[in-house]
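The values are calculated or read from the model by the stated rules, or taken from the named source; none is laboratory data. Because the structure is predicted, anything quoted here is derived from the model rather than measured. Backbone-built Cβ (ideal geometry, glycine too); neighbour counts: all protein chains shown. Heads up: the accessible areas ignore ligands, DNA and RNA and are worked out on the full protein's heavy atoms, side chains in. Shrake-Rupley method; radii C 1.70, N 1.55, O 1.52, S 1.80 Å.
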Amino acid sequence: MSVNHPKLDLSSPKLMAIVNATPDSFSDGGLLYHGRKLDQNKVKARLQLLVDEGADILDIGGESTRPGASPVSEQEELDRVMPIVELAVQETDLAVSVDTSTPRLMLEAASAGAHIINDVRALAREGALEAAASSSLFVCLMHMQGTPTNMQDNPTYDQVNNDVANFLKQRIDMSQQAGIAPEKIWIDPGFGFGKTLQHNLMLLAQLPMIEQLGFPVLVGLSRKSLIGHLLGRDLEERLPASLALAMMSLERGAKILRVHDIQATRDAIDVFCAVSDHDQ
Ligand code: PT1
């Protein structure tokens, strides 16, 4: 198991590509599936395109966590994700991440050679802390209020940045008590997960408060509905705003960007870094 994967050297920002292993995903179900059946050739072509466009990490998920999404069974999630994890490990040199809260999938993905567990529930499911610790993989701990089904009903906070930071601090402590090494921990404020537009804007404006916890910060803002709320844009019209939010995240200390549009975001990161190199 490679601990020092070159794609996980966070001295420069890293680009995490979203790979939806969900046959019904309206945005990109057709990219990997023929009807409801996984198409191996489509998967290989898709993964190679993400490599060519400049991705560092492939984040493979079989459970939709968009607002209003319904849960998926453990077996269905495994059946969706594992074949793609296996292809990603075999066919690419990228770091491979599994977007899951399911302990069994964490363990199977680790055996197949994955590098990262990205858990929107911050290892809160029964057995998840233990599975993640025994896997020795990197873990991304994300903040969510509620569940994907109900999280946008009426999100409320005392002070959103404080509340999110305190939650992450607790999950970091729990992770370390379970035996996860601190250098394997990333954190994520969870944009869109039980947050109003104002909550999301405040979290991004004050992202350095999250960064100050001392762990690499991952952000996922790509095409999210906060852009729809701000600008009235449909999903396919959200790239320019997604790039702006990505750059503002980097400016505020984010180290990993989870996005749909790899080539465009790679260009944006590269110009950001070219300027940062001249900034003492
Ligand atoms: C994320 C993330 C994720 N987002 C991490 N993992 C999703 N670490 C899945 C909307 O408001 O931000 N960080 N895994 C996707 N979830 C959402 C949530 C998609 C909200 C869309 C919205 O539109």
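For the condition more than 16 Å from the ligand (Cβ to nearest atom) and of a type outside the set (D, E), L10 does not qualify. All conditions in (1) closer than 29 Å to L31 by Cβ; (2) without any contact (Cβ under 8 Å) to a residue 40 or more places away in the chain hold for M151, with the sole exception of (2). Each residue in segment 248-273 was checked for being under 17 Å from I210 (Cβ atoms), in contact (Cβ under 8 Å) with a residue 24 or more places away in the chain and assigned to a helix (DSSP H, G or I), and 3 pass.
A single entry from A88, A128, A109 fulfils the requirement of being of a type in the set (G, A, S), away from the ligand (no atom under 12 Å from the Cβ) and closer than 21 Å to S70 by Cβ: A128. The set of residues in segment 151-188 that are away from the ligand (no atom under 13 Å from the Cβ) and under 19 Å from R66 (Cα atoms) comprises D153, N154, T156. If you check S70 against the conditions, is it more than 13 Å from the ligand (Cβ to nearest atom) and of a type in the set (G, A, S)? Yes: the conditions hold for S70. If the condition is being in contact (Cβ under 8 Å) with a residue 60 or more places away in the chain, of a type in the set (G, A, S) and open to solvent by 20 Å² or more (accessible area, probe 1.4 Å), then segment 204-242 contributes only S225. Taking helices (runs of 4 or more DSSP H) as the structural unit, those lying wholly within segment 196-236 and holding at least 3 residues that are more than 21 Å from I262 (Cβ to Cβ) and away from the ligand (no atom under 13 Å from the Cβ) correspond to 197-205, 207-211.
Being part of a loop (DSSP other than H, G, I, E, B) and either over 28 Å from S111 (Cβ atoms) or open to solvent by less than 10 Å² (accessible area, probe 1.4 Å) (or both) holds for only one residue in F167, F191, and it is F191.
Within segment 13-49, how many residues turn out to be in a helix (DSSP H, G or I) and more than 16 Å from the ligand (Cβ to nearest atom)? Residues that pass the stated criteria total 13.
Residue-level analysis places A268 outside the set of residues that are open to solvent by 30 Å² or more (accessible area, probe 1.4 Å) and either under 18 Å from I18 (Cβ atoms) or more than 13 Å from the ligand (Cβ to nearest atom) (or both).
Criterion first (within 14 Å of the ligand (Cβ to nearest atom) and within 22 Å of V217 (Cβ to Cβ)) does N118 satisfy it? Yes; evaluated as a whole, the condition is true for this residue. Looking only at residues in segment 243-263 that are basic (K, R) and in contact with a strand residue (DSSP E or B) (Cβ under 7 Å, 6 or more places away or on another chain), the one that is least open to solvent (accessible area, probe 1.4 Å) is R258. Looking only at residues of segment 119-133 that are more than 10 Å from M174 (Cα to Cα) and out of contact with any strand residue (DSSP E or B) (no Cβ under 7 Å at 6 or more places or on another chain), we find that the one that is least open to solvent (accessible area, probe 1.4 Å) is A131.
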